[in-house]
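Chemist: One structure, pasted below without further comment.
Nothing in this text is a laboratory measurement; each read-out follows from the coordinates by a stated rule. Every value quoted in this text rests on a predicted model; they were computed, and no experiment measured them. We place every Cβ from the backbone using ideal geometry, glycine too, and count neighbours over all the protein chains shown.
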Amino acid sequence: MINIDDFKKVEIKIGKIISAEKIPEGDKLLKLVVDFGSEIRQIMSGIAVSFPDPTVLVGREMPFVTNLETRILLGYESQGMIIAASGENGPVLIHPATEVPPGSMIK
């Protein structure tokens, strides 16, 4: 269990995916380029199995954790983490019911 102060440290923002591509070095990883309004970030995500055609993600708005330390995954820098639910057949992506500006904070 974490307390509310720990939870408040997590920065979750809506990002708009501007490109998505499978990387040849890994079966599970997609390289997402995401617009957060004031900045563009590269985020690696292990959702490739659920999205054989990653271009279907382009233009979609989703929540991302944006204050994680940068990580290197299979040689690619990841500057955040997409938030997804666990479904029976793999990750299920979450999105706002209506369009919001990229960079909007989740509170």
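Chemist: Anything in the stretch 36-49 that is crowded, with 17+ Cβ neighbours inside 10 Å and touching a strand residue (DSSP E or B) at 6+ places or on another chain (Cβ under 6 Å)? List them, or say none.
Modeler: If the condition is that a residue be crowded, with 17+ Cβ neighbours inside 10 Å and touching a strand residue (DSSP E or B) at 6+ places or on another chain (Cβ under 6 Å), then Phe36, Arg41, Ile43, Met44, Ser45, Ile47, Ala48 are the ones that fit.
Chemist: Moving on. Restricting to the stretch 1-36, count the residues that are acidic (Asp, Glu) and touching a residue at least 60 places away in the same chain (Cβ under 8 Å). Walk me through how you get there before you give the answer.
Modeler: We begin by selecting, within the stretch 1-36, every residue acidic (Asp, Glu); these are 5-6, 11, 21, 25, 27, 35.
Imposing the further condition that a residue be touching a residue at least 60 places away in the same chain (Cβ under 8 Å) reduces the set to 11, 35.
Adding up the residues that qualify gives 2.
Chemist: Follow-up question, since we're still on this one. Based on what the data block shows, is Ile12 closer than 20 Å to Glu99 by Cβ and touching a helix residue (DSSP H, G or I) at 6+ places or on another chain (Cβ under 6 Å)? Before you say what the answer is, go through the steps one by one.
Modeler: On the way: closer than 20 Å to Glu99 by Cβ: yes; touching a helix residue (DSSP H, G or I) at 6+ places or on another chain (Cβ under 6 Å): no.
Against the criterion (closer than 20 Å to Glu99 by Cβ and touching a helix residue (DSSP H, G or I) at 6+ places or on another chain (Cβ under 6 Å)), Ile12 does not qualify.
Chemist: For Glu99, state whether it is loosely packed, with under 12 Cβ neighbours inside 10 Å, without any contact (Cβ under 8 Å) to a residue 24 or more places away in the chain, over 12 Å from the mean Cα position of the chain (by Cα) and in a loop (DSSP other than H, G, I, E, B). Working first, answer last.
Modeler: Working: loosely packed, with under 12 Cβ neighbours inside 10 Å: yes; without any contact (Cβ under 8 Å) to a residue 24 or more places away in the chain: no; over 12 Å from the mean Cα position of the chain (by Cα): yes; in a loop (DSSP other than H, G, I, E, B): yes.
It is false that Glu99 is loosely packed, with under 12 Cβ neighbours inside 10 Å, without any contact (Cβ under 8 Å) to a residue 24 or more places away in the chain, over 12 Å from the mean Cα position of the chain (by Cα) and in a loop (DSSP other than H, G, I, E, B).
Chemist: Limited to the stretch 52-76, what total is found for residues that are within 13 Å of the chain's Cα centre (by Cα) and acidic (Asp, Glu)?
Modeler: Number satisfying all stated conditions: 1.
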